[in-house]
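Undergrad: Provided herewith is a single structure, encoded as structure tokens, for subsequent inquiry.
Values quoted throughout were computed directly from the atomic coordinates according to the rules given, and no laboratory measurement underlies them. Because the structure is a prediction, the values reported are computed rather than measured.
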Amino acid sequence: MPYQEPEFLPWDGRRVPITFVAGYLGAGKTTAINELLAVTDRPIAVLVNDVGEINIDAALIARRHGDTVELTDGCVCCSLIDGFGAAFDQLRARDTPPDHVIVELSGVADPDRMTPWGNSAGFMLDGVVVVVAADQLLTDDQPARVTDAIESQIAKADLIVLTKTDLIDDEQRSLVDARLGDLGDDTPVFVVGASDPAIGRFLALGGRRPDGVAATATPSLFDAHTVTTLEFGPFESVGAIDAALQQTLDDNVGTVMRAKGIVATHDEQLHLVQVVGRRREITPLPMSEFAAPTPLTVIALN
């Protein structure tokens, strides 16, 4: 029986941001999720293919219920064994929503087929992170379908996390960089190696959402980044907002990872502005919920 979306909105209409994490087997997705659970200072939900693969300190486990593990810091890990719908229903049944949801995709998953779930009732798509192992871009030994899957994921990423660069030399690194440039266009790339394994800090593309709509990034979740606030507006029209965003991206090609803020047009209408990699959205906001615009917070890779 096909999954049926609930007709109600949970949590008084609040929408929780979702980040999808893709990457072929061995790229480092599970390591990234383990690190995220270790460093996060806010309640997040992690949806994974196998909860047993997540390295959870027994002292942090508050309760186990079937394929769900609840941690003492408010985080929760759920299995995707019964599908996205069942996992999201588990989250909606909770009295208090998580601040953020991280979804681990299977190794050959096409992000475009999964991301529509990001706009399921009570949630909103925040971005796609693709973890890529450098050596996987160099080998000729893997089946063509594996290469195709990796390349397809890279092309659909909002942020690329490049791992295992310590296993290749400078010449190979140049080849990897060129390949990523061809496949990922201007998608930001964050490089990690054995000496800097903080992949997990880059998974939460959005920030804390105290009011359920607006958000600014939480700098403590990021390494090797620059956080800039820009005063935007008011603007004549939504088109003028879009043009200003495009100019910001053009001035920082390949480095802007995330941007959020609330800007106004001259008719005093407020708009939520969101940028994730190459994707940007401008959404009108109900006037009654917000008193004033906020600066646009831009997170860029150094």
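Undergrad: Length gain on complete extension for the stretch Thr228 to Gln269, per 0.36 nm per residue less the alpha carbon to alpha carbon distance?
TA: Result: 12.3 nm gained on full extension.
Undergrad: What lysines could a cross-link reach from Lys29, if we take a straight Cα to Cα line under 20 Å and drop same-chain neighbours fewer than 8 places away?
TA: Straight-distance partners of Lys29: Lys156, Lys164.
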